[in-house]
Amino acid sequence: MIVTPAGEYQMHFTRLIDPKEAEKMRAEGFIDTVDNQIIRNRIWFSVVVLTAEAFEAIVWCREQLDARRQRKR
């Protein structure tokens, strides 16, 4: 994750995929872009950009979830 000069948060995700899944995605119309691409038919790379407010909301929700889990123990 990085913070851009504009104050947005960029989260980078990668996921290993089966080459057959990559072929199926492309057959269904998937087009590689800078922020969402399949690399060598094995790795799906994507970038999610969040505003500072959205990121803070995610962190707040995660803290609430962790607190609930802690109380259940």
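The values are calculated or read from the model by the stated rules, or taken from the named source; none is laboratory data. Bear in mind the structure is a predicted one, so any value in this text is a computation, not a measurement. Glycine gets a Cβ as well: all are built from the backbone with ideal geometry, and neighbour counts include every protein chain shown. Each accessible area value is taken on the protein alone, full model and side chains, heavy atoms only, with ligands, DNA and RNA left out. Shrake-Rupley method; radii C 1.70, N 1.55, O 1.52, S 1.80 Å.
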**Report entry** Dmax and Rg, reported as Rg then Dmax, of the chain (C-alpha, Å)
**Finding:** 16.9, 48
**Report entry** Sum of -39500 (n - 2.57) over DSSP H runs of 4+, divided by residues of the chain (222 nm, nearest 500)
**Finding:** -13500 deg cm²/dmol
**Report entry** Separation in nanometres of the label points that stand 7 Å from Cα toward Cβ, at Arg71 and Ala57
**Finding:** 2.3 nm
Query raised in the report: Ignoring any ligand, DNA or RNA, what whole percent of the accessible area of the range 2-72 comes from carbon and sulfur when the probe is 1.4 angstrom?
Result: 57 percent
Requested in this report: Could you do me a favour and compute the accessible area per residue for the chain, 1.4 Å probe, result in Å²?
Outcome: 83 Å²
Query raised in the report: Quick one: net charge of Leu65's neighbours, Cβ under 14 Å, K/R +1, D/E -1?
Result: +4
